[in-house]
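Bear in mind that the values in this text are calculations on the coordinates, not laboratory data. Being a predicted model, the structure only gives us computed values, none of them experimental. Cβ coordinates were reconstructed from backbone atoms using ideal geometry, including for glycine residues, and neighbour counts include every protein chain displayed.
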Amino acid sequence: MRPTLSLFSKASRLPLNSKRGNKDFYKGTRTGNIMRRQRIAQADRFTGRQMYDEFGRPNTWTKMTSQIDESRVTSYVVPPGLAETKLKPLVFLGKAKEGGVEEKPHKGYPGADKMGSGFSFNGRYYERLRQEIEERQGGRSQN
């Protein structure tokens, strides 16, 4: 047996994340499971009495149910009066009277033109392309 190289000794001290774990490693977000648990006591199968461990604590096991436990669900509290404030998002695309920015968003953002200004793929666009191609081909064939 060969001892571990000193180069790899620091690798074990690094925090475990999805890059350093195996392919099934999932760290999660510490939210926990929100399903309700049912606590079931272990009973002796001959007498039917509750079983206890060596310290006198009752032996139990927990079974997951299909019901959501409301005490485990994350809830977010909206501060009172938030709806009545004049605060808006960082870029509010509304009317200037309401404190927004009336300019159109840049290409690629929601509400903007898909092709920029003045471009659209409709019948007129293709007709214009066809006429330009015919003019170019017609000009070359005459020369």
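Residue 61 sits among other residues whose Cβ lies under 14 Å from its own Cβ, and their net charge, with Lys and Arg +1 and Asp and Glu -1, is +3.
Give, to the nearest whole percent, the P(r) tail of region 9-68 beyond 14 angstrom, counting all Cα pairs. Walk me through the numbers before you get to the answer.
Working: 1302 of 1770 pairs.
Cα-Cα pairs in region 9-68 separated by more than 14 Å: 74 percent.
Packing here is the average count of other Cβ atoms within 10 Å per residue, and on that basis the peptides 123-133, 73-83, highest first, run 123-133, 73-83.
The modelled label-to-label distance for the pair residue 20/residue 54, using points 7 Å beyond Cα in the direction of Cβ, is 3.6 nm.
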